[in-house]
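Okay, so here's the structure we're looking at.
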Amino acid sequence: MRDKRRRRDPLRPLRRGVGLGLALAAAWGVSLTADLSGAWAALQAWASDSQAVVALVAGELGAPPEDAVLGQLDVWGRLVVEQSALLSAGVEAVEQQRQEEPETDPAPSVPPEAEDDDDQTEPELQPPAEPDDVVETTSVGQEGGQYLSQDGVYLYDRTGKGLTPSVFSAGSVKVALGDGPQILILHSHGSEAYSQNDGDLYLESDSFRTTDSAHNVVRVGEEMAQVFRQNGFQVVHDTNLYDYPAYSGAYDRSHAAVEGWLEQYPTIQVILDVHRDALVGTDGSIYKLVSQENGEKVAQVMLVVGTDAGGADHPNWADNLALAIRVQKELVSDYVSLARPIVLRSSSYNQQLSPGSLLVEVGGHGNTLSEALAGARLFAESLSQVLNGLQG
């Protein structure tokens with residue numbers, strides 16, 4: 001049988017000596033810029049030009065795998081480093097450095113200087129000094145911090161209750177649709193309006209507010225109502241302005257209205273308090289919330305769920321959250337980024353009056369009315385699918 005052992009290369013000892021000698025020379029060069037307290041810095045300098053060291057040592061150890069990333073300490077690179085006690089010590093320094101580096105908080109979905117309005121105090125809004133002061137942004141969920149997530153649904157906890165992911169299954173959907181009006185749409189802050197940049201002009205009652213319901217969020221609510229009716233639902237749309245002429249006390253007035261509608265139509269199972277958000281940066285920039293859906297720029301939509309964290313008697317708030325999560329799953333499935341993360345807040349927003357109560361923010365004051373109407377239509381289509389599923 002033919003001897004298959006490799007023939008001895010007479011030059012191999014010479015190559016071995018030259019390769020290892022050059023590698024040690026490279027390591028010695030690193031040592032000139034490093035001491036025991038600066039091993040991390042030395043290793044960084046070495047790693048930035050490690051391709052030269054790799055080329056020198058390759059004659060002894062053979063070429064690295066094709067998928068090896070030069071300049072990084074992969075498995076093959078560690079084998080190289082182990083040839084030097086100095087570099088091995090440097091690796092330990094790197095690992096220690098990485099362990100000591102603090103974790104950074106995830107970037108917020110909305111700039112922190114432009115936290116969304118809490119709907120309890122009237123925001124002092126000013127028109128942009130220049131058109132460029134309106135900044136487009138798309139609000140998305142993040143991992144960690146005040147965010148909780150499950151199955152693509154993000155919750156932003158502003159309650160201070162220290163909620164855990166168990167809140168996703170804490171409640172149940174208690175919506176039983178029957179004959180008669182099933183959906184109530186109203187507006188605790190009905191005079192909220194949008195940017196006039198697209199030529200949708202209106203007479204302001206205050207900055208970014210108008211009593212003209214063809215141009216404020218009442219118009220957005222009517223857009224939703226039309227979609228719901230097209231999908232076979234009976235809708236009551238309360239077009240009263242509960243924030244005019246006084247903003248203070250708006251929720252008390254809408255509270256009384258909801259009680260009256262529920263008494264008149266006990267078949268109502270879903271209550272939507274439709275608003276628009278307001279986000280202003282510390283530099284005066286106005287943020288508009290947009291998503292590209294089917295080639296169209298639309299305003300993002302945010303579901304707000306009230307809780308008992310502010311002291312309200314609202315023991316079943318998790319049931320409203322369960323409906324919000326069901327709707328959010330549909331929105332996430334249907335669209336690219338129409339839905340902002342669900343927000344949990346301390347205030348109750350009258351949602352203790354009935355299961356199926358949600359506050360819906362359609363865009364912000366930087367958005368245009370046309371963007372808000374487009375976002376509202378898409379939202380209503382998805383909610384219609386959810387409600388039709390509950391009937392089946």
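Throughout, read-outs are computed from the coordinates displayed, never taken from laboratory work. Remember, it's a predicted structure, so these values are computed and weren't measured experimentally. All Cβ positions, glycine included, derive from the backbone under ideal geometry; neighbour counts span all protein chains shown.
Results, tabulated for the structure shown:
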read-out: Share, in percent, of DSSP beta bridges within region 112-391 that are antiparallel, nearest 5; value: 40
read-out: Lys pairs under 26 Å by Cα in region 112-391, provided they are eight or more residues apart or on distinct chains; value: 6
read-out: Residue order, fewest to most beta carbons within 10 Å, for LEU279, LEU125; value: LEU125, LEU279
read-out: Estimated FRET transfer efficiency (GLU259, ASN294; beta-carbon r; R0 25 Å; 0.05); value: 0.05
read-out: Per-selection Kirkwood Rh - region 273-378 (Cα, Å, 1 d.p.); value: 14.4
read-out: Evaluated over region 112-391, the Cα radius of gyration and Dmax, each in Å; value: 17.4, 52
read-out: Sorted by Cβ neighbour density within 10 Å, fewest at the top, the residues THR267, THR307; value: THR267, THR307
read-out: Order of LEU369, LEU163 under a 10 Å beta carbon neighbour criterion, fewest first; value: LEU163, LEU369
read-out: Antiparallel bridges, percent of DSSP beta bridges restricted to region 252-392 (to nearest 5); value: 45
